[in-house]
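A.B. asks: Here it is, the structure, as structure tokens.
Laboratory data are not the source of any read-out in this text; all were calculated from the coordinates shown. Since the model is a prediction, treat every value here as computed from it, not as a measurement. Here the Cβ positions follow ideal geometry from the backbone for every residue, glycine too, while neighbour counts run over all protein chains shown.
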Amino acid sequence: METETILIILALVFGFYMAWSIGANDVANAMGTSVGSGALTLTGAVIIAAILEFTGAFLVGTHVSETVRKGIVNPEVFANEPTIFVLGMLASLLAAAVWLQAASYFGWPVSTTHSIVGAIIGFGIAHAGAQAVNWDKVGTIVSSWVISPLFSGAISFTIFQVIRKKVFFSPHPVRAAKQITPVLVFLVFIILTLVTVFKGLKNLNLDLSFPSALGIASLIGLFAAGVSRLLVRSVKEGDGEASNPARDAYVAIGLDKTVKHLRRVKTTATGQMRDDVAHLLREAKKLAKTTRHARSWDASSQYHSVEKIFAYLQILSACFVAFAHGANDVANAIGPLSAIINTLNDGIVSLKAPVPMWTLALGGVGIVIGLATWGWRVIETVGKRITELTPTRGFCAEFGTATTIVIASKMGLPISTTHTLVGAVLGVGLARGMSALNLNTVRDIAASWIITIPAGAGLTVVFFYILKLCFGL
């Protein structure tokens with residue numbers, strides 16, 4: 001068998017493997033919170049994500065790929081060595097896919113873009129040394145480890161606090177939810193439409209200015225808000241003022257803090273002041289004991305009605321994110337694959353490589369199979385192991401993620417969708433206090449983020465030398 005044929009076969013196998021690994025790890029970005037909150041079953045999430053991920057990848061996936069992703073390695077170092085370039089891309093694909101599979105096995109949500117970036121850094125170093133790498137660019141990418149979670153966490157924290165105060169602490173939670181839902185739907189559709197235009201449809205080169213895109217998104221948002229207003233009318237409110245355990249629990253937390261402070265004051269106060277503080281402390285303890293026996297929200301029919309409203313919003317946002325992810329991140333698998341095929345056909349290394357439709361289909365199928373077979377591992381981490389999620393909390397996390405993507409895209413900030421979503425889930429958890437977070441899981445995820453680029457680079461160096469040895473170079 002000719003060397004060129006062998007290389008093409010390896011490229012197809014490694015490209016499909018990379019797409020499979022993306023599906024196993026990265027699709028949790030779209031569906032993790034929906035499954036964790038109970039808005040979708042795992043089977044339902046797989047079916048919806050499969051349709052939208054493949055549609056996004058095949059219909060609007062990139063048709064022209066950069067041969068060296070993100071400009072992190074100087075292409076001149078292998079411009080006159082097409083065979084070396086092909087072996088380097090093969091090693092990069094295999095290394096990124098192996099790392100993603102390993103991360104998926106442990107349930108770690110890591111960035112597929114960072115995985116392939118780390119892999120190509122390893123190739124550049126192995127072939128031409130550290131000077132071939134644009135380290136300023138690498139530093140910018142590393143900064144996203146901090147930028148992404150902070151942005152999305154702050155937005156999710158804020159929106160969850162607003163919903164909690166406006167809806168859950170209201171005497172009539174369902175009525176309050178019905179009033180706020182059209183406003184939220186309007187905002188959600190604006191953000192998700194912008195995400196789709198700037199992330200999911202960017203490969204179509206629509207050339208829409210931000211004001212134009214915002215105008216279109218606003219019209220869609222107004223229409224969706226009107227429809228939502230009609231739909232939520234059918235939700236029953238119940239009679240009288242709702243018993244509100246969530247509000248009572250919030251009061252109980254405040255009273256517990258008051259008791260602690262009063263105890264400290266009592267130890268330092270003297271005379272009449274000490275007696276007055278002791279009286280206040282006794283009253284505060286009685287109130288705290290009373291409110292501590294509040295019923296769980298799970299027993300409240302009004303609570304279920306509110307969460308049902310937000311479950312629909314969460315599923316909707318998950319669909320948008322899945323479509324945008326398939327359109328955008330399939331390039332991490334088929335970009336290097338297309339570069340290899342183009343180089344083998346033309347005999348030269350080009351900065352841009354055309355992407356055939358069949359490679360988009362291959363990438364889309366690989367993502368879907370990866371999701372269906374191993375996707376549950378990372379979905380479980382994102383949806384259940386970081387913090388307890390409900391449809392309301394999951395909606396806030398996805399809203400924060402989508403908003404961050406739009407803001408960062410227009411500001412030119414480097415972000416990772418994976419890091420953004422995890423930060424948003426952390427933000428929602430922090431809104432209920434540090435105790436609501438599983439810090440062991442957070443620690444493991446943070447460590448996996450730090451390891452991703454070095455792991456991709458190290459594996460690529462090993463695979464690159466193995467391939468060179470196999471092909472006698």
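A.B. asks: Using a Förster distance of 30 angstrom, determine the FRET efficiency expected from the C-beta separation of HIS304 and VAL146, and round it to 0.05. Provide the component values of the computation, followed by the final result.
C.D. replies: Details: r = 38 Å, r/R0 = 1.27.
Rounded to the nearest 0.05, the efficiency is 0.20.
A.B. asks: Let me ask another. Quick one: if you stick a label point 7 Å off each Cα along the C-beta vector at GLU76 and ALA446, how many nm between them?
C.D. replies: 4.1 nm
A.B. asks: Of [x] 143; [y] 174; [z] 160, which is the value of volume of the Cα convex hull per residue in Å³ derived from the coordinates here?
C.D. replies: Comparing each candidate, only [z] matches the computed number.
A.B. asks: Strictly over 32 Å apart at the Cα level, which of LYS137/LYS166; LYS178/LYS384; LYS165/LYS260; LYS286/LYS308 would you flag in this model? Mind showing how you got there, number by number?
C.D. replies: Numbers: LYS137/LYS166 43 Å; LYS178/LYS384 28 Å; LYS165/LYS260 25 Å; LYS286/LYS308 35 Å.
Among LYS137/LYS166; LYS178/LYS384; LYS165/LYS260; LYS286/LYS308, the Cα-Cα distance tops 32 Å for LYS137/LYS166; LYS286/LYS308.
A.B. asks: Taking amide H positions as placed 1.01 Å from N in the peptide plane, with prolines and chain starts having none, which residues 5 or more places from LEU389, or on another chain, fall under 5 Å of its amide H?
C.D. replies: The list, which skips near neighbours in sequence, is empty: none.
A.B. asks: Distance between Cα centroids, the stretch 131-154 to the stretch 340-406: provide it in whole Å.
C.D. replies: What the calculation gives is 19 Å, centre to centre.
A.B. asks: Something else: Just want the ordering: GLU307, GLU283, from fewest to most Cβ atoms lying within 10 Å of their own Cβ.
C.D. replies: Listed from fewest to most nearby Cβ atoms, that is GLU283, GLU307.
A.B. asks: Label points 7 Å out from Cα along the Cβ direction at ASN134 and MET357: separation in nm?
C.D. replies: 3.3 nm
A.B. asks: Another question about this same structure. Between PHE210 and TYR465, what's the calculated FRET efficiency when r is the beta-carbon distance and R0 is 51 Å? Round to 0.05.
C.D. replies: Working: r = 47 Å, r/R0 = 0.91.
Efficiency, from the Cβ-Cβ distance: 0.65.
A.B. asks: Still on this model: Please state the relative contact order of the chain as a whole percent: Cα pairs under 8 Å, 6+ residues apart? Spell out each step's value before the answer.
C.D. replies: Working: 821 pairs, mean separation 192.1, N = 473.
Once normalised by length, the contact order is 41 percent.
A.B. asks: Right, next: Can you give the FRET efficiency to the nearest 0.05 for GLU388 and VAL162, using r as the Cβ-Cβ distance and R₀ = 30 Å? Walk me through the numbers before you get to the answer.
C.D. replies: Values: r = 20 Å, r/R0 = 0.66.
Computed FRET efficiency for GLU388 and VAL162: 0.90.
A.B. asks: Amide H neighbours of VAL73 under 5 Å, at least 5 residues apart or on other chains, H built in the peptide plane: list them.
C.D. replies: So VAL73 has HN proximity to ASN134.
A.B. asks: Let me ask another. Provide the packing ranking of 129-138, 221-230, i.e. peptides ordered by the mean count of other C-beta atoms within 10 Å per residue, highest first.
C.D. replies: Those peptides, ordered most packed to least, come out 221-230, 129-138.
A.B. asks: Using the Karplus curve 6.51 cos²θ - 1.76 cosθ + 1.60 with θ = phi - 60°, work out ³J(HN,Hα) for each residue of the stretch 443-454 in order, rounded to whole Hz, and write x for Gly and Pro.
C.D. replies: Running phi through 6.51 cos²θ - 1.76 cosθ + 1.60 with θ = phi - 60° gives 4, 4, 5, 4, 5, 5, 5, 5, 6, 3, 5, x Hz.
A.B. asks: Could you sort 256-265, 168-177 so that the peptide with the highest average Cβ count within 10 Å comes first and the rest follow in order? Before the final figure, lay out the partial values.
C.D. replies: Values: 256-265: 14.4, 168-177: 20.1.
Highest to lowest by the protection proxy: 168-177, 256-265.
A.B. asks: Per residue of the stretch 256-264, in order, report the coupling 6.51 cos²θ - 1.76 cosθ + 1.60 (Karplus, θ = phi - 60°) as ³J(HN,Hα) in whole Hz, putting x for Gly and Pro.
C.D. replies: Karplus-based 3J(HN,Hα) across the stretch 256-264 equals 4, 5, 4, 4, 4, 5, 5, 4, 5 Hz.
A.B. asks: A further question follows. Would you work out if the stretch 114-218 is rounded, prolate or oblate? Take a ≥ b ≥ c from the square roots of the eigenvalues of the alpha-carbon gyration tensor; rounded if a/c is under 1.5, else prolate when a/b is larger than b/c, oblate otherwise. Numbers along the way, then the final one.
C.D. replies: Details: a/c = 4.41, a/b = 1.97, b/c = 2.23.
Because a/c hits 1.5 or more and a/b fails to exceed b/c, the stretch 114-218 counts as oblate.
A.B. asks: Now a separate question. Along the stretch 23-32, what does the Karplus equation 6.51 cos²θ - 1.76 cosθ + 1.60 (θ = phi - 60°) give for ³J(HN,Hα), rounded to whole Hz, x for Gly and Pro?
C.D. replies: Those phi angles translate into x, 5, 10, 7, 5, 4, 4, 8, 10, x Hz.
A.B. asks: At 7 Å along Cα-to-Cβ for each site, give me the label-to-label distance between TYR105 and VAL183 in nm.
C.D. replies: 5.0 nm
A.B. asks: Now for a separate question. Please compute the length gained on full extension between MET434 and SER234, using 0.36 nm multiplied by the number of residues separating them and subtracting their Cα-Cα distance. Numbers along the way, then the final one.
C.D. replies: Values: separation 200, 0.36 × 200 = 72.00 nm, distance 3.73 nm.
My answer for the length gained is 68.3 nm.
A.B. asks: How would you rank 106-116, 187-197, highest first, on the average number of other Cβ atoms within 10 Å across their residues?
C.D. replies: 106-116, 187-197
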